[in-house]
Each structure stands twice: as structure tokens, then as C-alpha cells.
1. What's the magnitude of the charge dipole for the stretch B:99-254 around its Cα centre, counting Lys and Arg as +1 and Asp and Glu as -1 at the beta-carbon? Answer in Debye, nearest 20.
2. Averaged across orientations, what area in nm² does the convex hull of the alpha carbons in chain A project?
3. Would you pull out the residues with amide H under 5 Å of A:ALA201's amide H, same chain only if 5 or more places away, H placed 1.01 Å from N?
4. Among the lysines, select those whose C-alpha is under 27 Å from the C-alpha of B:LYS246, and discard any that sit fewer than 8 residues away in the same chain.
5. Under a crude label model (7 Å from the Cα following the beta-carbon direction), how far is B:ARG331 from B:ARG102 in nanometres?
6. If you count, for each residue, the other Cβ atoms within 10 Å and average over each peptide, how do B:248-254, A:368-374 line up from highest to lowest?
7. What value, in deg cm²/dmol to 500, does the helix sum -39500 (n - 2.57) over DSSP H runs of n ≥ 4 give at 222 nm once divided by the residues of the protein assembly as shown?
8. Within the set A:LYS406/B:LYS305; B:LYS177/B:LYS425; A:LYS71/A:LYS335; A:LYS227/A:LYS406, which residue pairs have Cα atoms separated by over 30 Å?
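The values are calculated or read from the model by the stated rules, or taken from the named source; none is laboratory data. Worth saying up front: this structure is predicted, and the values here are computed from it rather than measured. Ideal geometry is used to build each Cβ from the backbone, glycine not excepted, and the neighbour counts take in all protein chains shown. Just the protein is used for accessible areas: all its heavy atoms, side chains included, with ligands, DNA and RNA removed. Shrake-Rupley method; radii C 1.70, N 1.55, O 1.52, S 1.80 Å.
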Amino acid sequence: MNPSAPDEIVGYGSEAGIPEAEHVVKAARAAFGKWSLTPFEERACLLERAADILERRRFELSAVEVFEVGKPWNEADADIREAIDFCRFYAQQMRRLGPPKLTQQVPGEESYHHYWPRGVAFVIAPWNFPMAILCGMASAAVVTGNTVIMKPSEQSIICGAMLMQVFEEAGVPPGVLNFLSGRGSVIGVHLVDHKDVDLIAFTGSREVGLRIWQSAGVTRPGQRQLKHVICEMGGKNAMIVDADADLGEAIGYSIYSAFGYQGQKCSALSRLILLEENYDRVMERLIPAAASLRVGNPEEPGIMVGPVIDEAAYRRILDYIEIGKKEATLAYQAKEVPPHGYFIPPTIFTDVKPNMRIAREEIFGPVLSVLKVRDLDEALEVANGTYYALTRGLFSHSPDNIERVKAQLEAGNVYINRSCTGAIVGRHPFGGFKMSGGGTKAGGEDYLLQFLIPRVVTENTSRLGLVPEETPEYRDEFLWPKHQ
Amino acid sequence: MTALQREIERRGRRIFELVDKHPEPLFSKAGFYQRLMALSMRDERFKAQLFRFVDVLPSLRRSSEIVEHLDEYFSDDGFGPLVGVGVRLARIVPWVSGRILRWNVSGMARQFIAGRNPDDVMATLRKRHAQKIGFTVDLLGEGVVSEAQADEYAARYLDLLEKLARETKGWSDPLGKNSELFPVVNLSVKISALYSQISPADPADAIAHLAPKLRPLLRRARELGAFINFDMESYAHKNITLELFKTIFTEEEFKDWPHAGIVIQAYLRDSEADLRGLVEWGRARGTRFALRLVKGAYWDYETTKSRQNGWDCPVYFQKPESDANFEALTRVLFENESIVTAAFGSHNVRSIAHTQALADELGIDRSRFEFQLLYGMAGPIKRALVEMGYRVREYCPVGELLPGMAYLVRRLLENTSNEGFLRAKFAENLSAEELLREPRELVKPDGASPPDSASVVRKQAQPRTKMARTKCRAHCAKCASALAKSIHSSSAAKKSGRMS
């Protein structure tokens with residue numbers, strides 16, 4: 001369904017139930033033996049082939065995002081680019097981690113440290129980056145030798161199916177990557193609890209994330225190992241504007257961070273923290289800047305604010321706006337938005353206090369709260385004062401203040417003098433801590449380790465005191481001589 | 001040596017003679033500024049810190065803040081005793097030193113800004129008129145983030161236009177020849193100041209918003225007999241500006257108006273194709289238009305931006321490549337003199353001498369084109385050109401200190417750049433022969449790209465689609481419209497119950 005025009009159907013997806021889920025787990029389990037013994041080089045090449053196909057089909061795929069999830073052109077393009085980057089980056093990382101590595105040089109003994117896949121991975125992705133996040137989690141799981149059940153969000157099934165198509169064209173063996181669309185409350189819950197699922201990679205809301213974290217801790221009859229959970233959840237992201245900031249720049253980036261893709265990025269800005277000293281000067285330009293945004297159907301290029309994803313989101317965000325009106329002051333709300341489709345007018349609240357709901361809870365829509373503080377100390381306290389720790393930042397031209405804030409902001413990603421959205425794979429490894437996530441970094445050098453079990457193999461190589469001259473730093477993979 | 005090169009050298013030497021006849025420091029204000037520039041040219045790190053400090057200064061309100069920042073930017077011992085002492089002194093009496101600093105830096109900015117407001121600027125323009133130097137006025141302003149600001153800008157342009165027309169009544173053309181090509185009142189307009197939501201992905205939207213804001217200004221300019229120039233800024237806005245220019249001046253109302261101009265930046269690799277496109281458009285339109293040829297002032301910005309994004313760099317890497325291209329484009333302009341009136345914006349005596357020599361070779365009278373130079377820079381060169389009987393116009397920015405800083409920093413970068421002409425001539429005293437060399441000879445064959453070029457970044461991450469490029473946009477549009485068509489038709493089919 002097209003969120004800009006809900007009576008338009010972008011495509012049809014099927015809804016899997018428990019029997020299909022069971023079938024898929026069996027397929028993944030069956031494929032694991034052979035896939036885990038496939039050399040890492042082959043697995044890395046698979047990802048690179050997928051990346052090439054994504055690159056070739058880049059414009060076509062981003063067009064699908066415009067219609068299925070209401071992404072503006074630039075944002076859709078960025079999502080495909082990120083998916084490509086994930087494939088290439090994880091391929092490169094797998095080559096780095098693949099060869100067993102000597103732990104220490106000791107005469108007469110060799111110890112090699114290496115990694116095994118965990119087993120069957122269940123990937124649960126959100127709709128807001130319908131290709132990138134799904135592709136990132138799934139490709140990481142595949143390249144590390146796991147077999148994967150990939151569940152796209154119910155709101156972005158077409159994008160998910162197209163990604164599956166890309167991997168099929170790239171030559172992923174049967175059973176290694178399994179596409180399963182359906183309801184989280186049915187198949188999601190069933191698979192999280194499943195004894196044959198060894199790893200869950202989830203990106204989504206805090207509420208669902210915490211439920212997964214809890215259920216995964218329960219050992220089921222017949223379960224082989226502890227389930228490993230990778231949870232990336234929401235944020236209540238903040239930017240501080242220092243007294244000496246370049247206001248044109250600060251306002252431009254803040255507006256983009258808060259309202260780009262309708263505020264539906266986990267990294268989106270939702271709290272703007274202003275020092276008393278320049279509060280009036282910022283507000284004087286911030287409101288007209290918000291009022292100048294182009295809200296409309298993202299089918300038109302250059303639109304920055306499109307519709308929110310669906311009716312439930314639409315209602316939830318409007319409810320928060322009502323809460324905001326009671327708690328704080330409605331400083332700005334766009335008057336005109338397209339009448340059909342799930343368009344929410346960009347909204348700004350002032351007189352927001354840190355304890356208010358709109359300042360604490362993730363709204364995931366085009367709603368910005370402005371908080372006024374005395375000085376930088378209070379700004380830091382307010383910025384850090386939520387359950388979340390995903391993105392936070394500062395606009396300042398004072399080297400000392402910049403240094404201080406760099407050290408003290410509690411966030412997985414800290415941004416100075418730029419937008420707090422738009423992380424690039426490898427350059428800005430992305431992910432938060434506290435209630436924003438378990439400290440994993442998508443697109444970071446340590447991400448693949450989440451999908452692996454470390455193992456050490458030690459051999460006494462001395463015979464009657466005779467030892468081989470030198471032990472090589474790396475050795476070949478530990479593979480079975482023949483596939484079973 | 002070719003005849004043209006001989007003539008260029010002859011002209012160049014003549015300009016230098018005239019320049020040396022009136023010894024004047026490179027920068028009209030000596031002292032503080034002179035010393036800072038000298039220091040900047042010696043020490044790249046100091047230069048970076050200085051320009052950052054200049055950039056932040058206008059947003060500091062209290063003297064104590066100024067001193068704190070001074071301390072943070074320059075307290076590093078590496079900057080030598082002079083700076084160190086200054087910083088320590090400033091700490092002792094922050095109130096006084098804050099004001100002095102602000103005053104000094106304001107002085108620096110005032111050197112390049114012709115006036116704070118339209119009233120202010122008239123004094124400058126009158127003085128220049130007496131020296132036979134014309135003007136084009138540009139309005140400086142803060143980055144436009146909202147439509148309210150953009151509307152305010154449009155109103156300021158209109159006010160400025162009225163004011164200039166009123167105050168210059170009765171001014172005559174300095175050459176008294178071909179004056180119909182060069183109205184006295186000349187206004188330079190920046191499109192980024194007139195619309196806050198310009199998206200390189202959507203030129204049609206930008207044009208739809210910009211044209212209605214420009215029409216009243218153009219209409220009034222025409223009534224007043226004034227000239228309007230569309231300035232060029234960064235590459236992201238280039239194609240939009242070109243398209244806007246062609247669109248609006250093809251409209252019935254403005255089709256036969258000759259007093260509109262646009263800019264081509266010779267440092268852009270696209271520049272020749274763009275220029276030829278404009279000439280072709282002009283011929284089809286059948287009315288003269290004007291074109292200011294410059295080297296381009298956003299080199300650092302474009303290079304960094306494209307490297308950061310892994311894009312092919314839109315500008316030439318080597319300064320002599322831009323210089324050589326400037327000369328090639330000069331020829332294209334003169335060859336099409338029957339449809340385009342050219343203005344040459346350069347402080348480089350070699351480029352200027354080349355323009356003069358080539359005009360003679362092609363038999364173009366010196367009253368049929370003009371040189372444009374920036375306010376506050378290269379005064380002696382302007383004077384020399386006037387003496388030689390050429391038409392000179394000064395580019396005069398008007399505005400407050402705060403929004404003027406970005407402009408100031410661009411000028412400072414230009415004046416201290418290792419490759420800048422003014423630095424080579426006035427600070428390093430290079431010989432005339434050296435300064436007048438054919439730029440092609442100076443292009444290093446192995447210097448095609450800097451070591452850290454976009455390809456390194458591109459290997460790390462897939463570049464974003466460069467929406468400023470027509471081709472990329474066309475790809476996106478094709479896919480989107482194909483999909484839209486299939487969705488719309490299948491949805492319509494479903495509504496009428498024909499879907500299985």
C-alpha cells in the first residue's frame with residue numbers, strides 16, 4: 001500500500017503462519033551443515049555479487065521505496081547505497097576474520113583462534129530502511145556462515161522480496177537465506193521462542209526489543225545453545241546549540257535531522273536543546289524554516305517531508321501531538337498537508353521540560369521538542385537524561401566546548417556541527433546503548449563477531465623436545481575435507 | 001613564441017608598469033590585516049585557525065567570549081611568540097581586547113564590503129564613478145533557511161534597485177561608446193537567497209518558485225533601464241541557475257530584453273559545454289545577453305564536498321588548468337560577440353592581458369566588453385585598466401558584518417592561496433615573465449588529481465546519487481514514473497473490479 005495514497009496497491013505479499021515458519025526453520029537447519037563448511041571466501045563473494053546486482057538495479061529499487069514506504073528520492077537512494085555498502089563491507093570484514101589466527105608464538109605449541117557460525121539466525125527488520133537494515137543484518141548472518149530466516153516488516157514486504165530476489169540472482173544456495181513475510185505477533189513470536197533458532201537479530205521498537213530479549217532467555221526443551229540476541233532499538237535524540245554556533249548551519253541541519261523522512265529514522269532529532277542566551281535568535285529562524293518545508297507526495301522529486309508509514313503510526317503520532325499540546329506550547333504546526341494519505345504536519349513544541357512525555361518517549365514522526373537551558377552544563381544533563389543513547393550532537397565553534405561535549409555525551413553516535421542522521425557504513429558504525437541497544441555497531445569492524453562463536457584450537461607440536469621451526473601467523477580454515 | 005603570446009606579454013608588461021607607477025599596498029588597509037595575512041601565508045595551520053576564528057567572531061556577543069575563543073584557537077605554543085603574547089595580553093583586559101579585536105576584524109571585513117546598507121554604499125559608488133569605475137552591487141545575507149527570509153531578500157533587492165536608480169540619475173557611461181550594452185545600474189542576484197528549499201533533485205520546483213520572485217525585480221529593472229545578473233554559487237545550484245535563466249528570459253515578456261546576464265565558472269569541467277549551450281540558446285532567442293566569465297570562488301568547498309561523497313570532482317585540480325580554460329572560453333565568447341556581451345572577472349594580469357590581446361586579434365573594440373574586479377582588491381590593476389581605456393566594473397557586496405564573514409573568508413582564502421595571482425605578484429614579487437607565462441605550460445602532466453582523491457572514498461562506500469546531474473535525475477525519474485504508471489493502472493483496474 002502506498003502511504004501517500006492508501007488506495008493504491010504497490011504489491012501483494014503472502015502472510016505466513018506457523019506451518020510455513022516451521023517449514024522454513026527446517027530448511028534453514030538442513031542447509032546449515034553445508035553452508036557453515038563453505039569457505040569464507042565463497043561466502044564473501046556471494047555478498048559482493050549481491051552488491052553488484054543492487055548497484056545495477058539501484059534506481060529501480062529506490063523507486064519501489066518511494067511508493068512502498070514513502071521515502072523521498074534522496075533518502076531512497078541513500079537506503080540502497082547503504083545496502084550495497086553493507087554487502088561489500090561485511091565481505092571485506094569476513095576476509096579479515098576468516099583465517100584462524102595464531103594467538104602467541106610459543107615453541108612447541110600452536111594455538112589458533114577462529115570463529116564458527118552460531119547456527120540458524122532469525123532476522124527481524126523494520127520498514128524505515130527497508131533494504132539497508134534488512135540487507136545489513138541478513139548479509140552479516142549469511143557471510144558468517146549462519147543460515148537465515150529473513151522477516152521484513154509487514155509494511156515493506158515488497159522491498160524485502162526484492163532483496164531476496166537479488167540474493168537469489170547472486171546465487172545463494174537453497175535454504176541458506178529464507179524469506180518469510182507475516183505478522184510479528186504470530187511468526188515473529190513463534191520463531192523467537194523456537195528451539196532451533198540460535199540467534200536473533202532485531203532492529204525496531206524498544207517495546208518489541210525488550211520482549212525478544214526476555215523470551216530469548218528462556219531455554220526451550222531440545223534447545224542446543226544459549227540464544228544470542230542483537231537488539232537495536234529506538235532513540236530520543238538530542239542536539240545542543242551552543243551560544244557561538246553558526247545558526248544558519250545549526251538550523252538547516254536540525255530541520256533536516258528532525259523532519260527528513262518525516263522523523264522516522266531511529267537517528268532522527270527529537271529534542272533541540274537551546275541555551276537561554278541564543279534561544280530567541282534560534283527560534284526566530286527555526287519556525288519560519290520549518291514553515292518553508294515542502295510536505296507532499298515523495299513521488300515528486302525534492303520533497304523532504306512525505307507521509308508516515310501507515311494508519312496506526314498516523315494515529316499514534318497525532319495522539320502524541322495532543323499530549324504535547326497539553327504538556328507544552330504548540331509553537332508551530334504546518335497548516336497545509338495533502339488531504340489523502342498519512343501526512344502529519346511538521347510540528348514544533350516549546351516550553352518542553354525534560355520530564356514531559358514528549359521529551360522522554362520516542363514519537364517516530366515529524367515532531368520536534370525545544371528545550372531551553374541555562375548553560376552547557378544543564379544542556380548536557382538534559383541531553384543525557386533519557387533512557388536512550390543513540391544519537392546526540394552539538395553545534396559549536398568553541399574548541400573547548402566541543403572537546404568537552406565529545407567526551408560527555410551519552411550516545412552511540414555523537415555528531416558535531418552536522419546532522420545527526422545519515423550514518424555511512426564503515427565510516428560511522430551505527431548503534432546505541434542504554435535502551436537504544438546492546439552496544440552493537442552495524443557497519444562497524446566488530447559487528448560480525450555478534451554472529452560468530454569464537455573457538456581456540458591448541459596443539460602440542462613438540463616431539464621429544466623437537467619443535468617445528470616457526471608457526472605461521474595464519475592457517476587455513478578448519479574445514480571438513482568433504483561436504484557431508 | 002606565437003604572435004598572440006608576444007602581444008600578451010607586451011600588454012602584461014604595460015599593465016605592470018602602470019601598476020608600479022602608483023605603488024600601493026596589495027590591500028588598501030595596512031597594519032593589522034597586513035601582518036595577519038603575512039603570517040597566514042607562512043603558516044598553514046595558523047591560517048586555518050585564523051579563518052575559523054574570523055568565521056566565529058560575529059556570533060560572539062560578549063568581550064569575554066571573544067577572548068575565551070581567542071585563547072582556545074591560538075593558545076597552542078606552536079604559533080610563535082607574537083601570537084602567544086597577544087593571547088596573554090588579551091586575557092588581562094578582556095573588555096578592551098575583545099573590542100579591539102572585533103574592531104580590527106570588522107576593519108578586515110569592511111575592506112571587502114562596500115557598505116553596510118544601500119545608503120552607505122552610495123558614497124563608495126560615487127567615489128568610483130569619479131574614477132571611471134562602474135559597479136555591480138550584491139547583497140550579502142545570512143544563509144536563507146526559510147521562505148520568510150527569502151521574501152525579505154527579494155524585497156531588499158527591489159529596494160536596492162530603486163535606490164541605485166534614483167541616486168545614479170544622470171551618470172554617464174565612462175567610455176561614452178556602446179553604452180547601450182552596459183547600463184549604469186547593475187545588480188547581482190543570488191538565487192539561493194530567493195528560495196530556501198532548492199533541491200538539486202528537483203530543478204522544476206526551484207524554477208517554479210524562483211521565477212515569480214524574480215519577475216517583479218526584472219520588470220522593474222527593465223523599466224529603470226538597469227541590468228540584472230544571476231550570480232553562480234556552488235555546483236549543486238549550477239544547473240538550476242542555468243535552466244532558470246534560459247526559462248525566464250525565453251518568456252514573452254523578457255524575450256527581447258538584452259540586459260540580463262549570467263556567470264560561467266572556468267574552474268568547472270562542465271563550463272565549456274554550458275557556455276556553448278548558452279550561446280546556442282541565445283541565438284535561438286535572438287536577443288543579446290551578457291555573460292561574466294570567472295574562475296570560480298568555491299574551489300575548496302567543491303573539492304572537499306566531492307571527495308567526501310566519492311563523486312568525481314567538478315572542478316579542475318590544478319590552478320593553471322582553470323587559467324587555461326578561462327582563456328579558451330574567452331575565445332568562445334569573442335567568437336560569439338554578436339550575441340553575447342562579455343565581462344571578464346579576474347585579477348590575474350595574464351588572463352587580463354590575454355583578453356585584451358585576443359580582442360585585438362579578433363577585431364573587437366575595447367568598448368564592447370568589460371573587466372569586473374572585486375571591491376577591495378587589486379586597486380592598482382583597476383586603475384591601470386581605466387588608464388588603458390578599458391571598461392571596468394567593481395563587484396560591490398553590501399551587507400552587515402555577520403553575514404559578510406563567509407564572503408570575507410572566501411576573499412582571505414583567495415588572497416593567501418599558494419596559487420593565487422595577487423599573492424604571487426604582490427607578496428612574493430614574482431617576475432613579470434613568470435607571471436605572464438602561458439598557463440598550459442604550467443599544467444603538470446602527473447598532477448591530474450590530488451593523492452587523496454574521491455576514488456579512495458568511493459572504495460570505502462558507495463557514493464550517493466548526484467542529483468545535481470541531469471543524467472542521474474533522469475534515471476530516477478524514469479524508474480519512478482514507470483512504477484507509478486503500473487501502480488496507478490493496477491489500482492484503477494482493481495477499483496473497477498477487473499483485477500483477478
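1. Numbers: 21 positive and 21 negative charges, 191 e Å.
Value, rounded to 20: 920 debye.
2. Details: hull surface 102.2 nm².
That works out to 25.5 nm².
3. Answer set, sorted by chain and number: A:PHE122, A:VAL123, A:ILE124, A:ILE230.
4. B:LYS190, B:LYS213, B:LYS238, B:LYS255, B:LYS295, B:LYS466, B:LYS471, B:LYS478
5. So the label points at B:ARG331 and B:ARG102 sit 5.4 nm apart.
6. Values: B:248-254: 14.7, A:368-374: 22.3.
Going from most to least packed, we get A:368-374, B:248-254.
7. Numbers: 34 runs with 458 residues, N = 984.
Taking each H run of at least 4 residues, the total per residue is -15000 deg cm²/dmol.
8. Working: A:LYS406/B:LYS305 24 Å; B:LYS177/B:LYS425 33 Å; A:LYS71/A:LYS335 22 Å; A:LYS227/A:LYS406 35 Å.
Check vs 30 Å cut-off fails for B:LYS177/B:LYS425; A:LYS227/A:LYS406.
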